[in-house]
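Working notes, beginning with the structure itself.
The values are calculated or read from the model by the stated rules, or taken from the named source; none is laboratory data. Just so it is clear, the model here is predicted, and its values are computed rather than measured. Cβ: placed from backbone, ideal geometry, glycine included. Neighbour counts: every protein chain shown.
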Amino acid sequence: MALYSEKVMDHFQHPRNVGKMDDADGIGEVGNAKCGDIMKMYLKIRDGIITDVKFNTFGCGSAIATSSIATEMIKGKPVSEALQLTNRAVVEALDGLPAHKIHCSVLAEEAVKAAVKDYYDKNGIAYDKEQFRQVDCESCHVHGAES
């Protein structure tokens, strides 16, 4: 069995929605110095719908693939639906990730939420702080390479 699925390899080799957005309505940057991955997500939102999304990721192939697929999963969706994106959904959309790379899917989820939170903050939109609670990247290594 291959370490990475065809979908992971496709999104790594041909990432979608890469780039910077100078006029973004929300920008989220997340990362973890220990795993070395940094994700920056940019959102354009009109009437509560994510009309455009871009990302810049510094990290491994899994980090790039999870960023890419996350952008595809939220583009054209209502902000409320994008907030429901989970790292598990990202992993499933990629047909799996090695256990020691699951933290990349968590960062993708958190990048989306950080960008939405930035949009809410900039526009004075009230929100439940629990929606934006971050998961410690270290907790994703429980079944990773160290096991």
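Applying the selection to the stretch 25-55, what residues are under 17 Å from residue 104 (Cα atoms), free of Cβ contacts under 8 Å to residues at least 60 places away in the same chain and touching an Asp or Glu at 6+ places or on another chain (Cβ under 9 Å)?
38
Applying the selection to the stretch 90-103, what residues are farther than 17 Å from residue 17 by Cα, part of a helix (DSSP H, G or I) and in contact (Cβ under 8 Å) with a residue 60 or more places away in the chain?
So in the stretch 90-103, the residues farther than 17 Å from residue 17 by Cα come out as 91-92, 95-103.
Going one step further and asking which of them are part of a helix (DSSP H, G or I), we end up with 91-92, 99-103.
Listed by number, the list holds a single entry, 103.
Right, residue 75: surrounded by fewer than 22 Cβ atoms within 10 Å (Cβ to Cβ), under 18 Å from residue 19 (Cβ atoms) and under 14 Å from the mean Cα position of the chain (by Cα) or not?
yes
Assuming residue 56 fulfils every condition listed in (1) in a helix (DSSP H, G or I); (2) in contact with a Lys or Arg (Cβ under 8 Å, 6 or more places away or on another chain); (3) at pLDDT 95 or above; (4) surrounded by fewer than 24 Cβ atoms within 10 Å (Cβ to Cβ) apart from one, which condition is it?
Of (1) in a helix (DSSP H, G or I); (2) in contact with a Lys or Arg (Cβ under 8 Å, 6 or more places away or on another chain); (3) at pLDDT 95 or above; (4) surrounded by fewer than 24 Cβ atoms within 10 Å (Cβ to Cβ), only one is false for residue 56: (1).
Hey, any hits in the stretch 40-53 for a residue that's surrounded by fewer than 18 Cβ atoms within 10 Å (Cβ to Cβ), under 22 Å from residue 4 (Cβ atoms) and not aromatic (Phe, Trp, Tyr)?
No, that holds for no residue.
Just to be sure before I move on: is residue 107 at pLDDT below 95, within 11 Å of the chain's Cα centre (by Cα) and of a type outside the set (Phe, Trp, Tyr) in the structure I sent?
yes
Within the stretch 27-35, can one find any residue that is touching a helix residue (DSSP H, G or I) at 6+ places or on another chain (Cβ under 9 Å) and under 24 Å from residue 2 (Cα atoms)?
Yes - at least one qualifying residue is present in the stretch 27-35.
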